[in-house]
1. Mean-square fluctuation check for the chain, GNM, Cα pairs under 10 Å: which of Ser143, Ser238, Ser14 is largest?
2. What does the charge dipole of the range 39-124 about its Cα centre add up to, to the nearest 20 debye, if the Cβ of each Lys and Arg holds +1 and the Cβ of each Asp and Glu holds -1?
3. Expressed in nm to one decimal, what extension gain is obtained for the pair Asp214 and Ala294 from 0.36 nm per residue of sequence separation less their Cα-Cα distance?
4. At 7 Å along the Cα-to-beta-carbon direction for both Arg75 and Ile54, put a label point, then send me their distance in nm to one decimal.
5. Measuring from label point to label point, each 7 Å out along Cα→Cβ, what is the Leu248 to Arg264 span in nm?
6. Starting from the Cα gyration tensor of the range 74-167, take the square roots of the eigenvalues, sort them a ≥ b ≥ c, and report rounded, prolate or oblate (rounded when a/c is under 1.5, otherwise prolate if a/b is larger than b/c, else oblate).
7. Which one, Ala302, Ala216, Ala43, has the greatest fluctuation when you compute a Gaussian network model over the chain with C-alpha springs under 10 angstrom?
8. Among 252-259, 240-247, how do they line up by average Cβ neighbours within 10 Å per residue, starting with the highest?
Amino acid sequence: MTVSAAGAKRRQPSLSQLRAFAAVAEQLHFRDAAAAIGMSQPALSGAVSALEEILGVALVERTTRKVLLTPAGERLAVRARAVLAEVGALLEEAEAVRAPFTGVLRLGVIPTVAPYLLPTVLRLVHDRYPDLDLQVHEEQTASLVEGLGSGRLDLLLLAVPLGVPGVTELPLFDEDFVLVTPLGHELGGREGVPREALKELNLLLLDEGHCLRDQALDICREAGREDADVTTTAAGLSTLVQLVAGGLGCTLLPRTAVRVETSRSNQLLTASFTEPAPTRRIALAMRAGAARGAEYGELAAALRDALRPLPVRVLPTP
């Protein structure tokens, strides 16, 4: 069977169309999808419509309130993401071949790390890798892992272990958790607080979705606290600490956050736990087999050295 050149061309979707459709499939909202990929909403809508015409199938159902994927859209969204990920890997490979530590590096960071480690990271990149275009994205863990898998992000800075297949972790350091209490609390200022003390405290935690919340709940369970009921939560550590200063309860902070967050109020005290204190591990995470894996390993080694002045236990370079 003979196929005309024009017919063959019509069956080739563009990367822009695939990117628009993948964004709509993820956001299920045209305005949000357009904002996510930096495209105007009319252009995005037109790209999706053009893709539907090329493929000959309806991909989305448009209503006045929301967007739904059709059964065909559900199946083809997986293919579109895979194509875009492979194209991203191709560009990444070419960039790595040209020169190390050049071009764009999209770094994802969790909110309970970003304010305390980014000054060190940015200073290191500025001084040692001046040709690297570092772009930072602060998101919760689940979103970061999704972004790494889809190719939207290149490298993550977050708490581990993740236990995610296809992700390689480059551990940087361990840090202790510190108990933060209101002024006048019986545990405030103490050293060697037993973990069992957490069973009796009114503990304030971050909202659902923050890995630090899950870590704090795990610490409480290890201490023998069976009920994990939390009556007050906050979206960020700054708000959480202010709630403690107001006398609503106590909270747990990673040690790297203590100086920044407790310096805003004179109504706070801190207490340390008996050894071994509850800890968290912070690492860089990359896609297994990433083309720039050697660069990321070198960056992790440099970052370990740069982080030594912080109140953490830097891990040896493998």
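Quick note: the coordinates plus some simple rules give every number you see, no bench work behind them. Bear in mind that the values here come from a model prediction, so they are computed numbers and not experimental data. In this analysis, Cβ positions are derived from the backbone assuming ideal geometry, glycine residues included, and neighbour counts consider all displayed protein chains.
1. With Cα springs under 10 Å in the chain, the top fluctuation among Ser143, Ser238, Ser14 is at Ser14.
2. 320 debye
3. 25.6 nm
4. 1.9 nm
5. With each label point 7 Å from Cα toward Cβ, the separation is 1.3 nm.
6. Values: a/c = 2.50, a/b = 1.23, b/c = 2.04.
The shape class here is oblate.
7. Ala43
8. Values: 252-259: 21.9, 240-247: 19.8.
Top of the packing list down: 252-259, 240-247.
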